[in-house]
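Undergrad: Pasting a structure here, questions to come.
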Amino acid sequence: MDESITFLHSSDWQLGMMRRFLGPDGQARWGQARLDAVVRIGEVARRTGARFVVVAGDVFEHNQVERQTILRACEALKRIEVPVVLLPGNHDALEPGSLWTSAQWTAHKPEHVTVLTGTEPLEIVPGVEIVGAPWRSRRPVSDPAAPGYAELGPAPAGTRRILLAHGQLTSLSGGMSEVPTIDQAALEAAVADQRLHYVGLGDRHSTTEVTERIWFSGTQEVTAPEETHPGNVLAVTFTADDIAVEPVQVGAWHMVEHHVELYDEGSLIALEDWFAELPDKERTYVRLAADGSLPLPLLSRLDAMVDAQGEVFASVERWAKFWTVRPAPDAADLDSLQLSGPARAAMEELRQALAAGDEEAGAALTLMHRLARDAG
């Protein structure tokens, strides 16, 4: 193959995914955004002249997604005007009851979409073969990529061969994977002896270059703050002797992790300013970690601020594991509250408990201070 040819590599669409930290409105908008990013992949294909699109696993979140999710996915796929090849991954494996054999999928799947259900080479366009290693269960017993290429000889003369596989590399898993991992050395050997010319991987949600010809595309739309480079599709171009891979952003959402020390009004104002400067608030989830201590009026102000920002942003979540802001109640603040009778007695009891080191009493005092202030 002497002419250059471009294709797009994506993975981990996980259509139908739910996120507990998003409320109903945020979840609906985020779910739609994942479909919108699929449509934008089609726009990138038109803009770059890509001949086809490959998706390396986990097209759907699981095999029991709602009918609506499958139908809307088919509509999004129709808007990609070039052939699309889908690989079943661990989330949507080719197991009994797989959605890939469901009436909803088979009746509505666009004609230009191919699901890899075996390991035999597929000539997607003249001069380009795709081989795949579809997952057949969520618990493979060996390297999940090996079935796609282990028995292959060198590609025919003039043919470029692409492997689609899904799973974690042994070199990147840190020994934490619960299932067998992909042998990177074996992949590199298959590339070196020209059995493979590009390896398109899925499962890792951050775009990752393993070698010049082995890449994780990452998810098309961010799913967690830990992801370092999500929201891309890879534009891969073969030339006669070389290859070029360019990440192209298609995602529109942001997930941000922020750590703050709170100890006075100035630190609280700095947090307010940080929230104000973030763009695309309606498409941003913030996971907030905080440490320090604040007087009760400022702690009440913090609570009110976080609650209000949660209405502006897609979601603002206090990260419970790292939320250790302690109350520093001032006697004058408490004494100024217009409380009497049982309420005053409860406040005094909580003050004594806080002095004895009960942090839950501090939280209760803060809430009492906020409610009494608001009522006043």
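Undergrad: Any residue at all in the range 296-311 that's of a type outside the set (G, A, S), farther than 25 Å from R29 by Cβ, in a strand (DSSP E or B) and over 21 Å from the mean Cα position of the chain (by Cα)? Steps first, answer last, please.
TA: Of the residues in the range 296-311, the ones of a type outside the set (G, A, S) are 296-299, 301-303, 305-307, 309, 311.
When the remaining residues are screened for being farther than 25 Å from R29 by Cβ, the result is 296-299, 301-303.
Then keep just the ones that are in a strand (DSSP E or B); that gives none.
No, every residue in the range 296-311 fails to be of a type outside the set (G, A, S), farther than 25 Å from R29 by Cβ, in a strand (DSSP E or B) and over 21 Å from the mean Cα position of the chain (by Cα).
Undergrad: Quick one: would you say V316 is assigned to a strand (DSSP E or B), out of contact with any Asp or Glu (no Cβ under 8 Å at 6 or more places or on another chain) and crowded, with 18+ Cβ neighbours inside 10 Å?
TA: Working: assigned to a strand (DSSP E or B): yes; out of contact with any Asp or Glu (no Cβ under 8 Å at 6 or more places or on another chain): yes; crowded, with 18+ Cβ neighbours inside 10 Å: yes.
Spelling it out, V316 is indeed assigned to a strand (DSSP E or B), out of contact with any Asp or Glu (no Cβ under 8 Å at 6 or more places or on another chain) and crowded, with 18+ Cβ neighbours inside 10 Å.
Undergrad: Give the range 45-68 a look and list any residue that's crowded, with 21+ Cβ neighbours inside 10 Å and assigned to a helix (DSSP H, G or I), or say none.
TA: Passing the criteria: only A45.
Undergrad: Something else about it: Take the residues in the range 118-135 that are of a type in the set (G, A, S) and surrounded by fewer than 18 Cβ atoms within 10 Å (Cβ to Cβ); name whichever of them is nearest to L86 (Cα to Cα).
TA: First, the residues of the range 118-135 that are of a type in the set (G, A, S): 118, 127, 132-133.
Narrowing the set further to residues that are surrounded by fewer than 18 Cβ atoms within 10 Å (Cβ to Cβ) leaves 118, 127.
Details: G118: 12, G127: 19 Å.
Among those that are of a type in the set (G, A, S) and surrounded by fewer than 18 Cβ atoms within 10 Å (Cβ to Cβ), it is G118.
Undergrad: Return the residue satisfying two criteria in turn: it lies in the range 136-186 and is open to solvent by 60 Å² or more (accessible area, probe 1.4 Å) and among the hydroxyl-bearing types (S, T, Y), and of such residues it is modelled with the lowest pLDDT. Break it down into steps so the answer makes sense when it comes.
TA: Step one: list which residues in the range 136-186 are open to solvent by 60 Å² or more (accessible area, probe 1.4 Å), which gives 136, 138-139, 141-142, 147, 151, 154, 156-157, 170-172, 174-176, 178, 183, 185.
Now restrict to residues that are among the hydroxyl-bearing types (S, T, Y): 142, 170-171.
Values: S142: 90, T170: 82, S171: 79.
So the residue we want is S171.
Undergrad: G158 - would you say it is in the same structural domain as L71 (by the TED database) and within 29 Å of the chain's Cα centre (by Cα)?
TA: No; evaluated as a whole, the condition is false for this residue.
Undergrad: Still on this structure, I have one more. So in the range 236-253, with the set limited to residues that are open to solvent by less than 10 Å² (accessible area, probe 1.4 Å) and part of a strand (DSSP E or B), which one is modelled with the lowest pLDDT?
TA: F238
Undergrad: Here is a further query. Can you name every residue in the range 4-20 that is charged (D, E, K, R) and in contact (Cβ under 8 Å) with a residue 60 or more places away in the chain? Can you show your working first?
TA: Filtering the range 4-20 down to residues charged (D, E, K, R) leaves 12, 19-20.
Result: D12, R19.
The values are calculated or read from the model by the stated rules, or taken from the named source; none is laboratory data. This structure is a prediction, so every number in the text was calculated from the model and none was measured. Reconstructed Cβ throughout: ideal geometry from the backbone, glycine too, with neighbour counts over all protein chains shown. Accessible surface is based on the protein model in full, side chains and every heavy atom, while ligands, DNA and RNA are left aside. Shrake-Rupley method; radii C 1.70, N 1.55, O 1.52, S 1.80 Å.
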